[in-house]
Amino acid sequence: MLSKAKAMYQVKLILDYLPDEEYKLIPQETIDYIEDNFEYDENFTINPSIPLENQKIDDKACELLDKIVKSVGSAKLLVKTKKNSESDEYVEKVKETNTDIERENIRLNNLVEMLKKENSKIPKAKDLLEEYKIALKQRDEEIENLKAKNKQLYDNLQKIPKFLRKIFIKETKVKLLNK
């Protein structure tokens with residue numbers, strides 16, 4: 001197990017081999033901290049042609065790299081630790097699957113909530129429909145009553161002699177409501 005300062009040296013060497021666009025993603029405070037606190041270790045070198053999993057990187061250095069990756073919060077930083085890459089891939093697949101399932105659950109929950117809201121409107125719509133039917137029935141009854149009164153009035157007017165009707169009803173035409 002290396003000291004923290006020597007582990008920082010390993011991290012510094014790994015970070016130095018990163019492409020510029022990935023290196024720029026790392027906060028400057030982190031880089032400054034590593035630069036100020038690393039201790040040179042002549043026994044450690046990085047071979048950029050060999051994957052990091054196959055190189056002898058200390059566990060403390062791996063932990064520091066993990067913290068840097070998490071602080072950057074970007075999958076673009078392609079730093080691999082010495083952990084088994086197959087298990088990392090499996091974990092990523094599980095995370096992706098879980099997020100897909102979570103998204104589907106959220107979508108289904110939203111649909112259920114929307115259906116509940118729509119279903120709660122059904123009794124209200126039924127009540128409104130019943131009230132509308134009652135109002136139509138009352139309107140039809142009132143129309144029938146008016147027709148009956150109109151017919152009765154028309155019949156009474158027909159009983160009055162023609163000359164009297166002309167005196168009392170001046171140029172007003174009385175019409176019966178159509179049935």
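Take the Cα pairs of the range 4-83, get the Kirkwood Rh, then feed it into Stokes-Einstein at 37 °C and 0.692 mPa s and tell me D in µm²/s.
It comes out at roughly 259 µm²/s.
Straight-line reach only, C-alpha to C-alpha below 18 angstrom: list the aspartates and glutamates that K67 could link to, leaving out same-chain residues fewer than 8 apart.
Excluding near neighbours in sequence, the set is D16, E22, E29, D32, E35, D36, E53, D58, D59, D88, E92.
Filter K4/K93; K124/K151; K24/K60; K56/K95 down to the pairs with a C-alpha to C-alpha distance above 31 Å, please. Walk me through the numbers before you get to the answer.
Details: K4/K93 33 Å; K124/K151 40 Å; K24/K60 23 Å; K56/K95 28 Å.
Checking Cα-Cα distances, K4/K93; K124/K151 exceed 31 Å.
Would you calculate the separation in nanometres between label points at K151 and E104, each defined as 7 Å from the Cα along the Cα-to-beta-carbon direction?
6.9 nm
Read-outs throughout are calculated quantities, based only on the coordinates presented, and are distinct from any laboratory measurement. Bear in mind the structure is a predicted one, so any value in this text is a computation, not a measurement. When we count neighbours, we look across all protein chains shown, and the Cβ atoms used for this are built from the backbone with ideal geometry, even at glycine.
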